[in-house]
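Structure record follows, encoded as structure tokens.
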Amino acid sequence: MNRVPYLLLTFFLGVAPAFAQVPTPNRPAYEAELIQLSEILGALHYLRPLCGGAEQGQWRVEMQALIDAAQLPGDKRGLLVTSFNRGYISYEQTYRTCTPAAREAIRRFLDEGARLSRDIALRYGN
């Protein structure tokens, strides 16, 4: 599981110029995927330490890398931050201890985050 944060960071640093080149002024084509990925990062930021994950704070670092790489205007950056916080808070309200369901959610989020990263890179990377 530890390779996923580096996969995400590599993706974000590798395709940052592609984000700036998307011509749609109102809503970039990848915005919905970035919002979904932000929410996943927020959920992982809460769940991984709850279940003994060693990467304390790593998911917040990944989120900052996403924000920096996307080079979005302030209001769009705010959408990503809000999504991250929503992911964190929703799982904070649901899980107080690590359970089998929490571990399964982590597994699914890691898989989905990796899939989203690959898809975004394939569609919008240069």
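The values are calculated or read from the model by the stated rules, or taken from the named source; none is laboratory data. Quick caveat: nothing in here was measured; it's all calculated off a predicted structure. Neighbour counts run over all protein chains shown; Cβ positions are idealised from the backbone, glycine included.
With respect to residue 67, determine if the residue is within 10 Å of the chain's Cα centre (by Cα), without any contact (Cβ under 8 Å) to a residue 24 or more places away in the chain and not in a loop (DSSP other than H, G, I, E, B). Answer is yes for this residue.
When 67, 35 are checked against the criterion of being at pLDDT below 95 and in contact with a Lys or Arg (Cβ under 6 Å, 6 or more places away or on another chain), a single residue qualifies: 67. Checking each residue in the stretch 70-95 for being of a type in the set (D, E, K, R) and at pLDDT 95 or above picks out 86, 92. Scanning the stretch 43-54 for residues that are at pLDDT below 90 and within 20 Å of residue 90 (Cα to Cα) yields a total of 1.
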